[in-house]
Amino acid sequence: MKKPLLLISGYPILDEVELKIHLEDNFKATVFLKALEPDNKVLPVGLTIRSELSNSTIIIRIESNVKIETLLNTLDDLLTCFSTAEKCLRAIEAKG
């Protein structure tokens, strides 16, 4: 764990979240990872998102020293983007 950027009453204000999403195959994982990338570009100060692909698993790491609400909203945004990408891919597969 990284050193906290801010201490209040001796307690660090730094949260870390790791989200792992396992998909059927590497191609789908790559598609979903690319769908999530635009959301990671403009972030509030104090929020860092890193994502990587390991086989067919997307790993997203979020480090935050912002309000917990901001972190939760960021997670919600990422999951909403993932859900939308999943629906699009299913629709394409159904027509294919």
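Report the residue count in the range 43-67 for those that are outside any loop (DSSP other than H, G, I, E, B), in contact (Cβ under 8 Å) with a residue 40 or more places away in the chain and of a type outside the set (D, E, K, R).
Taking the range 43-67 first, the residues outside any loop (DSSP other than H, G, I, E, B) are 47-54, 57-64.
Narrowing further to those that are in contact (Cβ under 8 Å) with a residue 40 or more places away in the chain: 59-64.
Retained after the next criterion (residues that are of a type outside the set (D, E, K, R)): 59-60, 62, 64.
Qualifying residue count for the region: 4.
For ALA94, are the conditions met, namely being free of Cβ contacts under 8 Å to residues at least 24 places away in the same chain, in a helix (DSSP H, G or I) and more than 10 Å from the chain's Cα centre (by Cα)?
On the way: free of Cβ contacts under 8 Å to residues at least 24 places away in the same chain: yes; in a helix (DSSP H, G or I): yes; more than 10 Å from the chain's Cα centre (by Cα): yes.
Answer is yes for this residue.
Residue-level check: of (1) in a helix (DSSP H, G or I); (2) over 16 Å from GLU24 (Cβ atoms); (3) out of contact with any Gly (no Cβ under 9 Å at 6 or more places or on another chain), THR70 misses just (3).
Out of the residues in the range 18-31 meeting the condition of being hydrophobic (A, V, I, L, M, F, W, C) and modelled with pLDDT of 90 or more, tell me which one is surrounded by the fewest Cβ atoms within 10 Å (Cβ to Cβ).
Going residue by residue through the range 18-31, those that are hydrophobic (A, V, I, L, M, F, W, C) are 19, 21, 23, 27, 29, 31.
Next cut, modelled with pLDDT of 90 or more only: 19, 21, 23, 27, 29.
Details: LEU19: 15, ILE21: 18, LEU23: 19, PHE27: 10, ALA29: 19.
Step by step, filter the range 18-31, then rank; the result is PHE27.
The values are calculated or read from the model by the stated rules, or taken from the named source; none is laboratory data. The model shown is predicted, which means the values in this text are computed figures rather than measured ones. We place every Cβ from the backbone using ideal geometry, glycine too, and count neighbours over all the protein chains shown.
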